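The values are calculated or read from the model by the stated rules, or taken from the named source; none is laboratory data. All figures in this text were calculated on a predicted structure; none of them were measured in a lab. Every residue, glycine among them, receives a Cβ derived from its backbone with ideal geometry; neighbour counts consider all protein chains shown. For the accessible areas, the whole protein counts, side chains as well, though only heavy atoms, and no ligand, DNA or RNA atoms are used. Shrake-Rupley method; radii C 1.70, N 1.55, O 1.52, S 1.80 Å.
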Amino acid sequence: MTNIPDKPSLDGIEARWMKRWEADGTYRFDRGASRDQVFAIDTPPPTASGALHIGHVFSYTHTDTIARFQRMRGRSVFYPIGWDDNGLATERRVQNVTGVRCDPSLPFDPEFKAPYNGDVPKDHRAIPVSRPNFVDLCHGVIHDDEEVFEQLVRRLGISIDWSLLYTTIGPRAQRTSQLAFLHNLARGEAYQQDAPTLYDIDEHTAVAQAEMEDRDVPGAYYKLAFHRYEGEDLLIDTTRPELLASCVAMVAHPDDARYQPLFGTTVRTPLFGVEVPLLAHHLADPDKGTGLAMICTFGDVTDVTWWRELNLPSRALIGFDGRMAIDTPGWITSPAGQAAYAHVAGLGPKPAQRKIVELLGQSGEMLGEPRPISHPVKFYERGSRPLEIVATRQWYIRNGGRDLVLRNALLARGDQLNWHPAYMRNRYQNWVGGLNGDWLVSRQRYFGVPIPLWYRLDDEGNSLYDEVLIPDDSQLPIDPSVTCPAGFDEDQRGKPAGFIGDPDVMDTWATSSVTPHIAGGWVDDPDLFARVFPMDMRPQGHDIIRTWLFASVVRSHHEHGCLPWTNAAISGFILDPDRKKMSKSKGNVVTPINLLEAFGTDAVRYWAASGRPGVDTAFDEGQMKIGRKLGTKLLNATKFVLGFGEPPADAAPTVAIDLAMLARLAEVIDDSTRALDEFDYARALERTETFFWWFCDDYVELVKSRAYGSQADVAAHSARAALRQALDIVHRLFAPFVPFVTEEVWSWWHDGSVHASPWPAADMPASIGDVSLLVPVGEVLAAVRRAKTEAKLSQRATVDELIVDGPPAAVAAIEACRADLAEAGGIATFTLSEGETLMIAVRLAPSTDV
RNA sequence: GGGCGCAUAGCUCAGUUGGUUAGAGCACUGCCCUUACAAGGCAUAGGUCGGGGGUUCGAGUCCCUCUGCGCCCACCA
């Protein structure tokens, strides 16, 4: 069958084939397949915020090329997708869209309606709503976002099986996440601890090490005088004078001769007159400032270390809202000190600092002017103010940060994983080797998977955190603020001798770290799970190796004692043409939908697939134009080749040049197959593309006269058979990269989808022909073209005489293609002789033009 | 301070165990309306492969070193 359009076109092919693939179930996972026949992908669940980022196009295309390749190789591809809709990103979006904020102290209002829908005025003050109302609003917004997002992802031609769609806030995800947590708890891998914790005072939540980043911010050194009972004042440099009231000690290095005589003595703090000891600790740096530091509870993580290792008291004053405690603390006993504190009580960090500096100036206990500096400060990656350290009870999962044996086991998992590209392994090792604590998984937020626990209350109504009440697995998912633990009644909630639900939700990574389990049906479909786990491939960006990848390895290591997948395929970032990372905050993001419309999906995918694994790639419309050209060329070349008609059934390539072309193609197949097996889609595309353009420009030009029938029938049949065989293979080699146009041209002469056809791995041996033939033949062809171009003649111009003199092998090769060359070049007399080196002389016909 | 990556034509990049005169595309220039394709084709030109040193018969490729750019990590008072 052939059904070739008169005017082939790329217009509208996306919509046509998307519809067809969906109707035919082309990408449907065959769940009858056994594990060894399955290729399972742990697709990154994007945050469905309504806008598709060019980075999605880039990385999802990379994964899709591998998925399509494996499908054509005969694997049943398990290719799910989910929407990562729980967590702070969604909460923020909901706040911005609807103009509310969550206040968990409020009661549920069944009549509540959001005041706005995306049109919140600038001066609007967020309306507080109850947690159940807030969660309802979140569900509404994400539902709308996800419909939009699905259309966008479909538009990319990503061959996921949409019947496997999940969300990270959905019941199955919640159940999976909670069950995994309870297993961690039962095995002792999850534990709670009341300890100083990095805390975001705007988002009102603790954050994990993996979510922190350093930012350089302006600050200043202030030189403060601490008073000795005898002798001169001791001077320290600090960037945080506002913490002076929380000072618990001073510290210097044990080897620091300047302070050695004073170790063990006490000094009085400026302004507040609190007596603190001068202690020795090796972390104090003699070269920094005066070599003397004040220890406050808590200015930074070093303070926490000192506090813990030197057994110091806690004098924390900064609350969860970042403000100084209202009541004057008991350790400030002097009237002057109490008066000073009254000035800063209730102030936030910045105003408190200004006030303290002002007071120190007045008292003369600040020496000289502040010296402005720029210094790195820890921030929550989504936060806007520096993190504070507050003591709070939180849940942790062991990740090797406090346990060398576990750390080494997890480092070994990193070695065991196949990284593409291999050097990405270093990011993992670097991160795991540098952990300084376990994974803090509890978040004081609202739209997430609840920590599925309750606590008993004592007779006074205080929480007994050691008496954890655990739900039965069959109850999951639960919200402990709604569901009641076994053996209790709802009216005992919050009452003495009753119970209280854990108010927190889990870190969003605590749920995304079990995406293989969510997608694979760990909790409700063990048969499916056995067919897909451990998965084959985890595609993701290098920026989330320390979070998503590492957390997933931790969970799988604890739960199954193995890796969750065998391969990690790491994509790079998109850089704008000035080579800056594209991100929303920089405002240099390109909206891909316009590109998809301007160039077509295949063209944009072509650009994406030319970015090598792991390499940050510049956004380049030029590459998309080339991709568009490739699509057009595939249409035209296919139309042309098929236009020669089918050779007789028993026809086969017999002519040397035809066999040589097929031999070259066989090499391309080998190369491309090997590359895709190693997840190097870019190399596979490049090889196929190079072949294809050579095929069109040289081979087809050379044999088209013969294919039309200028020579013997058997020779014509050889050309037609070779052309069709090559075309068939080329369509399949390109299919993973440009799925729409390959499906289009394939449909002209085949039943069924090209994406369901076998990968051409074993179509023919490279020994089918002699590729070395192609070199001298190509040189003759090029020489003839050059001569015509230099004479400013048309390529159709006649060559009076072509004289070729060369080594025997070259002469033999050219002799074998003599007739094709003569016809392609319009050569009247063709003289061929043996000599030392290849010499080509072209004598053109005298111009008959005016 | 530690780790990783990159540096090849004006631009974007290939160059896979070291092997003959270093490649492609885009851009530039010239030519060709050629019956698959003018939203095309053909061709010319363009590089001391970041600098220096070393190993080797031979180095863009391996080793050392320096420089520049980028990323990750770090206990940053």
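Taking the criterion of being farther than 12 Å from A:Val554 by Cα, open to solvent by 30 Å² or more (accessible area, probe 1.4 Å) and in contact with a helix residue (DSSP H, G or I) (Cβ under 8 Å, 6 or more places away or on another chain), the residues of region A:404-426 that qualify are A:Asp415, A:Arg425.
The C-beta contact set for region A:43-54 (first residue at positive phi, second residue open to solvent by 30 Å² or more (accessible area, probe 1.4 Å), distance under 6 angstrom, 6+ apart or interchain) comprises A:Gly50/A:Val148. Tell me the residue from A:Gly631, A:Gly611 that is outside any helix (DSSP H, G or I) and buried (at least 22 other Cβ atoms within 10 Å of the Cβ), please. Residue meeting the stated conditions: A:Gly611.
Looking at region A:294-311 only, could you name the residues that are out of contact with any Leu (no Cβ under 9 Å at 6 or more places or on another chain) and not in a helix (DSSP H, G or I)?
Within region A:294-311, the subset out of contact with any Leu (no Cβ under 9 Å at 6 or more places or on another chain) is A:300, A:304, A:307-308, A:311.
Selection gives A:Asp300, A:Asn311.
Residues in region A:676-714 that are hydroxyl-bearing (Ser, Thr, Tyr) and in contact (Cβ under 8 Å) with a residue 60 or more places away in the chain were compared, and the one that is surrounded by the fewest Cβ atoms within 10 Å (Cβ to Cβ) is A:Tyr708.
Picking from residues in region A:122-155 that are outside any helix (DSSP H, G or I) and touching a residue at least 12 places away in the same chain (Cβ under 8 Å), the one that is farthest from A:Ile81 (Cα to Cα) is A:His124. In summary, A:Lys581 fulfils each of the numbered conditions (1) closer than 23 Å to A:Thr61 by Cα; (2) modelled with pLDDT under 95; (3) more than 11 Å from RNA strand B (Cβ to nearest atom); (4) surrounded by fewer than 19 Cβ atoms within 10 Å (Cβ to Cβ) with the single exception of condition (3). Name the residues in region A:436-445 that are over 13 Å from A:Val553 (Cβ atoms) and open to solvent by less than 40 Å² (accessible area, probe 1.4 Å), would you? Within region A:436-445, A:Gly437, A:Asp438, A:Leu440, A:Val441, A:Ser442, A:Arg443, A:Gln444, A:Arg445 meet the criteria.
Being on the phi < 0 side of the Ramachandran plot, open to solvent by 10 Å² or more (accessible area, probe 1.4 Å) and away from RNA strand B (no atom under 13 Å from the Cβ) holds for only one residue in A:His750, A:His755, A:His731, and it is A:His750. Checking A:Gly322, A:Gly330 one by one, the residue that is exposed (fewer than 15 other Cβ atoms within 10 Å of the Cβ) and at pLDDT 90 or above is A:Gly330 and no other.
Here A:Leu262 clears all of (1) of a type outside the set (Asp, Glu); (2) more than 8 Å from RNA strand B (Cβ to nearest atom); (3) open to solvent by less than 20 Å² (accessible area, probe 1.4 Å) except the condition numbered (3).
Restricted to region A:1-54, and to residues there that are among the small types (Gly, Ala, Ser) and not in a loop (DSSP other than H, G, I, E, B), the residue that is surrounded by the most Cβ atoms within 10 Å (Cβ to Cβ) is A:Ala40.
Looking only at region A:614-628, which residues are open to solvent by less than 50 Å² (accessible area, probe 1.4 Å), within 6 Å of RNA strand B (Cβ to nearest atom) and not small (Gly, Ala, Ser)? Hit for region A:614-628 is A:Thr617, nothing else.
Residues that are away from RNA strand B (no atom under 16 Å from the Cβ) and in a helix (DSSP H, G or I) within region A:634-657 comprise just one, A:Ala656.
Across region A:226-261, the qualifying residues are those that are in contact with a Gly (Cβ under 8 Å, 6 or more places away or on another chain) and part of a loop (DSSP other than H, G, I, E, B), and the one among them that is nearest to A:Ile318 (Cα to Cα) is A:Arg240. Among the residues of region A:225-246 satisfying the criterion of being in contact with a helix residue (DSSP H, G or I) (Cβ under 8 Å, 6 or more places away or on another chain) and away from RNA strand B (no atom under 11 Å from the Cβ), which is nearest to A:Leu347 (Cα to Cα)? So the residue we want is A:Glu242.
Before we move on, is A:Ala797 modelled with pLDDT under 90 and within 11 Å of RNA strand B (Cβ to nearest atom)? Don't jump to the end; show me each part of the working.
Values: modelled with pLDDT under 90: yes; within 11 Å of RNA strand B (Cβ to nearest atom): yes.
Here the answer is yes, as A:Ala797 does meet what is asked.
Evaluate the following for A:Val274: is it at negative phi, out of contact with any helix residue (DSSP H, G or I) (no Cβ under 6 Å at 6 or more places or on another chain) and open to solvent by less than 20 Å² (accessible area, probe 1.4 Å)? Here the answer is yes, as A:Val274 does meet what is asked.
Quick check on region A:759-786: of everything there that is within 13 Å of RNA strand B (Cβ to nearest atom) and either open to solvent by less than 20 Å² (accessible area, probe 1.4 Å) or hydroxyl-bearing (Ser, Thr, Tyr) (or both), which residue is nearest to A:Pro736 (Cα to Cα)? Spell out the reasoning first.
Of all residues in region A:759-786, those within 13 Å of RNA strand B (Cβ to nearest atom) come to A:772, A:775-786.
When the remaining residues are screened for being either open to solvent by less than 20 Å² (accessible area, probe 1.4 Å) or hydroxyl-bearing (Ser, Thr, Tyr) (or both), the result is A:772, A:776-777, A:780-781, A:783-784.
Working: A:Ser772: 29, A:Pro776: 33, A:Val777: 32, A:Val780: 35, A:Leu781: 33, A:Ala783: 36, A:Val784: 37 Å.
Out of the qualifying residues, it is A:Ser772.
Restricting region A:359-376 to residues that are in a strand (DSSP E or B), touching a residue at least 12 places away in the same chain (Cβ under 8 Å) and surrounded by fewer than 15 Cβ atoms within 10 Å (Cβ to Cβ), which is nearest to the chain's Cα centre (by Cα)?
Step one: list which residues in region A:359-376 are in a strand (DSSP E or B), which gives A:366-376.
Narrowing the set further to residues that are touching a residue at least 12 places away in the same chain (Cβ under 8 Å) leaves A:366-368, A:370-376.
If we keep only those that are surrounded by fewer than 15 Cβ atoms within 10 Å (Cβ to Cβ) as well, we get A:367-368, A:371-376.
Values: A:Leu367: 50, A:Gly368: 49, A:Arg371: 41, A:Pro372: 38, A:Ile373: 35, A:Ser374: 31, A:His375: 29, A:Pro376: 26 Å.
That would be A:Pro376.
Of everything in region A:195-224 that is away from RNA strand B (no atom under 14 Å from the Cβ) and not polar (S, T, N, Q), the residue that is nearest to A:Ile356 (Cα to Cα) is A:Ile201.
Checked against the criterion of being buried (at least 16 other Cβ atoms within 10 Å of the Cβ), of a type in the set (D, E, K, R) and either under 30 Å from A:Ala609 (Cα atoms) or out of contact with any Ser or Thr (no Cβ under 7 Å at 6 or more places or on another chain) (or both), region A:168-182 has at least one qualifying residue. Close Cβ contacts (under 6 Å, 6 or more residues apart or on different chains) running from residues in region A:464-488 that are under 16 Å from A:Val505 (Cα atoms) and in a loop (DSSP other than H, G, I, E, B) to residues that are open to solvent by 80 Å² or more (accessible area, probe 1.4 Å) and of a type in the set (Gly, Ala, Ser) are absent. Of everything listed in (1) of a type outside the set (Gly, Ala, Ser); (2) more than 18 Å from A:Asn184 (Cβ to Cβ); (3) open to solvent by 40 Å² or more (accessible area, probe 1.4 Å); (4) in contact with a strand residue (DSSP E or B) (Cβ under 6 Å, 6 or more places away or on another chain), the single unmet condition for A:Asn462 is (4).
Pull up region A:393-403, narrow it to residues that are surrounded by 17 or more Cβ atoms within 10 Å (Cβ to Cβ) and more than 16 Å from RNA strand B (Cβ to nearest atom), then point me to the one that is farthest from A:Tyr199 (Cα to Cα).
From region A:393-403, those surrounded by 17 or more Cβ atoms within 10 Å (Cβ to Cβ) are A:394-401; that's our starting set.
Imposing the further condition that a residue be more than 16 Å from RNA strand B (Cβ to nearest atom) reduces the set to A:394-398.
Values: A:Gln394: 11, A:Trp395: 14, A:Tyr396: 15, A:Ile397: 18, A:Arg398: 20 Å.
Applying the filter and picking the extreme gives A:Arg398.
Look through region A:471-519, keep the residues that are small (Gly, Ala, Ser) and more than 30 Å from A:Asn567 (Cα to Cα), and return whichever of them is surrounded by the fewest Cβ atoms within 10 Å (Cβ to Cβ). The selected residue is A:Ser474. Look at (1) outside any loop (DSSP other than H, G, I, E, B); (2) farther than 30 Å from A:Trp307 by Cβ and you find that A:Ile158 fails only one, number (1).
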